[in-house]
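Peer 1: If you scroll down you'll find the structure; I have some questions about it.
The values are calculated or read from the model by the stated rules, or taken from the named source; none is laboratory data. Since we're looking at a predicted model, the values are computed, not measured. When we count neighbours, we look across all protein chains shown, and the Cβ atoms used for this are built from the backbone with ideal geometry, even at glycine. Accessible surface areas use protein heavy atoms only, side chains included; no ligands, DNA or RNA. Shrake-Rupley method; radii C 1.70, N 1.55, O 1.52, S 1.80 Å.
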Amino acid sequence: MATINKNFTKLPGSYLFSTIAKKVNEFEKANPDAKIIRLGIGDVTKPIAPSVIKALHSAVDEMANADTFKGYAPDLGYAFLREKIAMYDYKDRGCDVNADEIFVSDGAKCDCSNIQEIFGLDNTIGVCDPVYPVYVDSNVMAGRTGDYNSKTDRFDNVIYMPCNSDNGFVPELPDKAPDLIYLCFPNNPTGAVISKDRLQEWVDYAIKNNSVILYDSAYEAFISEENVPHSIYECEGARKCAIEFRSFSKTAGFTGLRLGYTVVPKDLMVEGVALHGLWARRHGTKYNGAPYIVQKAGEAVYSPEGQREIRENISYYMENAKIILDGVKKAGFEAYGGVNAPYIWLKTPSDMTSWEFFDYLLEKACVVGTPGVGFGPEGENYFRLTAFGNRENTIKAIDRIKKL
Ligand code: PLP
């Protein structure tokens, strides 16, 4: 008799984006003339850069010719891409990361949810609260988190590390060290970044406690300030305790193309075993590589034109972020993020709950955002706006919020 993986039944319903969609649909039905502006989406809106499109076309043509056709990609990714990544994303920033420590994939979501497979089920996990939900959910599915407590909206065996305005949305080092520590900077949803000194403290803590840091830097390209680390490998000793995830999704508009990568340094050992070998085995067994044409597109991102073009798009989004941040501050909100990240995290007014504020903004301004509580209990009384919309709508939305 077949049975199911009971751990899946412990997952709380994926209520956040479906509830938002339901509420917006109902509002649209009741108010057919309302011009709704969506500042809740975490997806890019600008098209792929021209030089990347050119590389895609030319790779497609290669597939049409017997001499240049490509079948399965090498397990860990094509050398032409891994070498560019090692050079431009790491060596140029003074990080000791080699091409053979880079595993190319179809995006950071798969990697940061699959990575837990190479660790024992008895590992404890530590996550920020609020948090990108994938880290917890993938551990729930694996059976590492214990039961869900609907009263606290938390899993019994997860160490939640509160991130709020008191600690600048950067977690404190827990007294009891989690075995696996998920960190994400620049952060989704708060838009916060971590200083190099604070990140170094985390690296030292992980080494001292034999923990592994799983560092998600999917939004690294949005960092605009000096002295903000782009990679955990800027910290001394990180090669011995950290895995890093990166994505082309927001950096180069690849949410629909799909490309990302994970760095597992060769000297990262757990119980005397190199994690590099374990991840290579897992990758080779369960994954057959990102498409050749997409890896060629990824390579084009590192060309001088590619870099210029993707920087233009990022600047466009970050100008939106500035408009939102300045606008909501002028309207009297306490607001964070938006300087090194495409997310603006604002405190709801008059202690409104996140959902009350969602309804209020939808009804009074026809603007859609994301309730902070959807990212964890500590996100209650917060609200996330994103900078991925178009300029005209962003300006309109902020004008409407100011008028409220
Ligand atoms: N990590 C964080 C923090 C994200 O916000 C996202 C996407 O929203 C991802 C990873 C997933 O990126 P990808 O599109 O590469 O799967």
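Peer 1: Region 137-181 to region 218-274: how many Å between their Cα centroids?
Peer 2: 21
Peer 1: Using a cut-off of 16 Å between alpha-carbon atoms, which aspartates and glutamates can reach LYS54, once sequence neighbours fewer than 8 places away in the same chain are excluded?
Peer 2: In chain and number order, the partners are GLU62, GLU299, GLU305, GLU309.
Peer 1: Follow-up. Relative contact order (percent) for region 127-189, with alpha-carbon contacts under 8 angstrom and 6 or more residues of separation? Walk me through the intermediate numbers first.
Peer 2: On the way: 59 pairs, mean separation 24.0, N = 63.
Contact order relative to length: 38 percent.
Peer 1: Here is a further query. Quick one: longest stretch of the chain between exposed loop GluC sites (Glu not before Pro), exposed meaning at most 14 other C-beta atoms within 10 Å and loop per DSSP?
Peer 2: So the longest stretch without any such site is 1-171.
Peer 1: Report the net charge of residues surrounding PRO171, where surrounding means a beta-carbon distance below 12 angstrom and charges are Lys +1, Arg +1, Asp -1, Glu -1.
Peer 2: Values: positive: ARG198; negative: ASP129, ASP166, GLU172, GLU201, GLU378.
Value of the local net charge: -4.
Peer 1: Expressed as a whole percentage, what fraction of the accessible surface of region 12-54 belongs to carbon and sulfur atoms when a 1.4 Å probe is rolled over the protein heavy atoms?
Peer 2: 59
Peer 1: Of the residues ALA335, ALA238, ALA30, which exhibits the maximal mean-square fluctuation in a Gaussian network model of the chain defined by a 10 Å Cα contact cut-off?
Peer 2: Ranking ALA335, ALA238, ALA30 by mean-square fluctuation puts ALA30 first.
Peer 1: Measure off 7 Å from each Cα along the Cα-to-Cβ vector at GLU117 and PHE17, then give the distance between these two points in nanometres to one decimal.
Peer 2: 2.2
Peer 1: Of all the accessible heavy-atom surface of region 148-246, with the other protein chains kept in place and a 1.4 Å probe, what percent is carbon and sulfur? Please report the intermediate quantities before stating the final value.
Peer 2: Values: 1650 of 3970 Å².
Carbon and sulfur together cover 42 percent of it.
Peer 1: Still on this structure, I have one more. Checking the table LYS84/LYS296; LYS70/LYS109; LYS29/LYS402 against a 22 Å threshold on Cα-Cα, which pairs fail?
Peer 2: Where the Cα-Cα span goes over 22 Å, the pairs concerned are LYS70/LYS109; LYS29/LYS402.
Peer 1: Here's a follow-up. Among PRO174, PRO371, PRO130, which one shows the highest mean-square fluctuation when the chain is modelled as a Gaussian network with alpha-carbon springs under 10 Å?
Peer 2: With Cα springs under 10 Å in the chain, the top fluctuation among PRO174, PRO371, PRO130 is at PRO174.
Peer 1: Computed over the Cα atoms, what is the radius of gyration of region 61-147 divided by 2.2 N^0.38 Å, N being its residue count?
Peer 2: Taking the Cα Rg and dividing by 2.2 N^0.38 Å, one obtains 1.49.
Peer 1: Tally up the carbon and sulfur contribution to the accessible surface of region 312-369 as a whole percent, 1.4 Å probe, everything protein left in place.
Peer 2: Carbon and sulfur: 49 percent of the exposed surface of region 312-369.
Peer 1: From the cross-link list LYS240/LYS266; LYS35/LYS329; LYS22/LYS403; LYS250/LYS364, which pairs have alpha carbons spaced over 20 Å apart? Spell out each step's value before the answer.
Peer 2: Numbers: LYS240/LYS266 9 Å; LYS35/LYS329 24 Å; LYS22/LYS403 26 Å; LYS250/LYS364 30 Å.
Too far apart for the 20 Å limit: LYS35/LYS329; LYS22/LYS403; LYS250/LYS364.
Peer 1: Given Cα pairs under 8 Å that are at least 6 residues apart, what percent is the relative contact order of the chain?
Peer 2: About 23 percent, as a whole number.
Peer 1: What is region 185-274's relative contact order, in percent, from Cα pairs under 8 angstrom and six or more apart in sequence?
Peer 2: 26
Peer 1: Please give the charge dipole size of the chain, origin at the Cα centre, charges +1 on K and R Cβ atoms and -1 on D and E Cβ atoms. Round to the nearest 20 debye.
Peer 2: Rounded to the nearest 20 debye, it is 940 debye.
Peer 1: Full extension from SER150 to GLU62: what is 0.36 nm times the residue separation minus their Cα-Cα distance, to one decimal in nm?
Peer 2: My answer for the length gained is 26.3 nm.
Peer 1: In a Gaussian network model over the chain where Cα atoms closer than 10 Å are linked, find which of PHE169, PHE388, PHE69 has the largest mean-square fluctuation.
Peer 2: Top of the fluctuation ranking is PHE69.
Peer 1: Given the C-alpha centroids of region 9-52 and region 282-315, what is the distance between them in whole angstrom?
Peer 2: First find each Cα centre; the distance between them is then 26 Å.
Peer 1: Taking the solvent-accessible surface of protein heavy atoms with a 1.4 Å probe, what is the per residue accessible area of the chain in Å²?
Peer 2: 44
Peer 1: Say the dipole of the chain comes from +1 at the beta carbon of Lys and Arg and -1 at that of Asp and Glu; which of ALA55, LEU362, GLY126 then lies farthest toward its positive end?
Peer 2: LEU362
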